[in-house]
1. For a test of understanding, tell me how many lysine pairs in segment 125-220 have Cα atoms under 18 Å apart, given they are 8 or more places apart or on different chains.
2. Please find the FRET efficiency linking T33 to K187, where r is the Cβ-Cβ separation and R0 is fixed at 41 Å, and quote it to the nearest 0.05.
3. Once both labels are modelled 7 Å past Cα along the beta-carbon direction, what's the Q125-A200 spacing in nm?
4. Restricting to Cα pairs below 8 Å that are 6+ residues apart, what does the relative contact order work out to for segment 71-139? Please round to a whole percent.
5. Work out the FRET efficiency for M111 and T132 from their Cβ-Cβ distance, taking R0 = 22 Å, and round it to the nearest 0.05.
6. Can you compute 3J(HN,Hα) from phi for each residue in segment 40-55, using the Karplus curve 6.51 cos²θ - 1.76 cosθ + 1.60 with θ = phi - 60°, rounded to whole Hz and x for Gly and Pro?
7. Would you compute the Debye intensity of segment 56-194 from its alpha-carbon atoms alone, equal scatterers and no solvent, and pass along log10 I(q)/I(0) at q = 0.12, 0.20 Å⁻¹ to two decimals?
8. Given H placed on each backbone N at 1.01 Å, which residues far from G96 in sequence or on other chains put an amide H within less than 5 Å of it?
Amino acid sequence: MKNKLIYLVAVLLTVCTCYSCSDDDDKDTEDLTGTWKYENCHLVFDYQDANIQLPEGVDLGFINPALSGLTAVPANLAAGFLKEIANDKMSDYFTGIKFVSNSELEIMMTMDGKAASLKAAYVVQNNVIGVTIDKDALEKIAQKEINIPEISLIYKFEDGNLIMYLNKVAVQGMLQTMLPMLVNQIKPDATPAEIAGITAYVTGVMNKTNTLEFGVILKR
């Protein structure tokens, strides 16, 4: 169950951070042709308060022993831990993106020790890409039906790398859709009250988040 959960979360993170080329700029389209390999997680996080309060009964010792027993986590440390966890899990499964055409891409990954890919379609407007994952392909990988709406991503080139990410608004939208499902995966016997409590907590943290960029850094 734990391995399946980690894989599902990794797939969802990968889906949330996929990108392709712009039909508004022929140069960008040419530059993106081919395969880009995963390098690192992209995370920019700025929080309203110095500390992020934790829900009662939550112990983050499983992430890092230094966090065990804390009732609050310094916001700057939380960003570092989140990036470390995301990069560790994504690097286990996500290997890169292949740009197949002006409207199709393939998310490259490793599944059960073997190379695999997930097809997606995309459209581009300015620096925002709308990605639609192939529903049947995603269901086959996740081993269950997952309804994911079109995902809006922001992209930019920096130091020869391709950076693509979700901003705060996009992350909030994804959480509204997926958070109850993720809670059920982590705790299948969660009551409606527990799900509502977790949702309220995450919503509160997001409301106090000034800036959030979450995505990937790719290198040709």
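1. 5
2. 0.40
3. My value for the distance between the label points is 3.6 nm.
4. 18 percent
5. Numbers: r = 21 Å, r/R0 = 0.96.
After rounding, the FRET efficiency stands at 0.55.
6. 6, 7, 9, 9, 10, 9, 9, 10, 5, 9, 5, 10, 9, 6, 9, x
7. Here the Debye-derived log intensity ratios amount to -0.67, -1.54.
8. For G96, whose amide H was placed from the backbone, the distant partners under 5 Å are Y38, M108.
Laboratory data are not the source of any read-out in this text; all were calculated from the coordinates shown. Quick caveat, the model's predicted, so the values are computed rather than measured. Cβ sites come from the backbone with ideal geometry, for glycine too, and all protein chains shown count toward neighbours.
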